[in-house]
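S.K.: Dropping a structure here in structure tokens format, bear with me for questions.
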Ligand code: HEM
């Protein structure tokens, strides 16, 4: 309210990024998430690059922009258009659940490590869950 519109495509209210602990939180979250991906062969196989570090950085930059931080993601990558960017990867319910498993473990360890208050942590989890469902693009026949 009363804040100028930001250019980070974020619906998040001002102050949330700082409450999470700024860039350090999102750096830790993305690192923990990709440590998880490395442990799940079927999920790891979906990532085209041999080195996960660039994907980890894109994930961190996207998340911190969405959650009200610096807009480096869009400066480097343009509009997120995440559903479009994921269209080349067949994401079925198994892939989504593996992804969410990695996200859940990263969320548990980093929200507790950074003492994120419960309401903010819950908002982040709801977002991750909803966006993982939105990214699903391959459906079982029934
Ligand atoms: C539902 C299961 C998902 C799977 C299996 C999946 C898989 C992938 C893969 C294989 C890539 C390519 C790696 C790269 O080049 O960066 C990627 C990129 C990316 N994913 Fe996901 N993803 C999922 C959900 C999500 C969700 C929910 C988000 C956001 C909350 C997200 C954010 C991103 C971002 C920011 C990139 C990099 C986009 C770019 O700038 O090129 N992903 N994902």
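S.K.: Within 10 Å, count the other beta carbons around each residue, average over each peptide in 18-28, 114-124, and list them highest first.
M.R.: Going by the mean number of other Cβ atoms within 10 Å, highest first, we get 18-28, 114-124.
S.K.: Residue 132 to residue 86: extension gain in nm, 0.36 nm per residue of separation minus the Cα-Cα distance?
M.R.: That pair, residue 132 and residue 86, stretches by 15.5 nm at full extension.
S.K.: Where does helix 118-135 land angle-wise versus the long Cα axis of the chain, in degrees 0 to 90, nearest 10?
M.R.: 40 degrees
S.K.: Further, regarding this structure: Multiply the residue separation of residue 49 and residue 23 by 0.36 nm, subtract the distance between their alpha-carbon atoms, and state the gained length in nm to one decimal.
M.R.: Once the chain is fully extended between residue 49 and residue 23, it gains 6.9 nm.
S.K.: Tell me the angle of helix 22-38 to the major Cα principal axis of the chain, expressed in degrees between 0 and 90 and rounded to the nearest ten.
M.R.: 10 degrees
S.K.: Can you tell me the orientation of helix 53-66 relative to the chain, as the angle in degrees between its alpha-carbon axis and the longest Cα principal axis, to the nearest 10?
M.R.: 40 degrees
S.K.: In whole angstrom, how far apart do the alpha carbon centroids of the range 95-142 and the range 46-91 sit?
M.R.: The range 95-142 and the range 46-91 have Cα centres spaced 15 Å from each other.
Bear in mind that the values in this text are calculations on the coordinates, not laboratory data. A quick note: this is a predicted structure, and the numbers were derived from the prediction, not measured. Here Cβ is always computed from backbone atoms with ideal geometry, including for glycine, and neighbour counts include all displayed protein chains.
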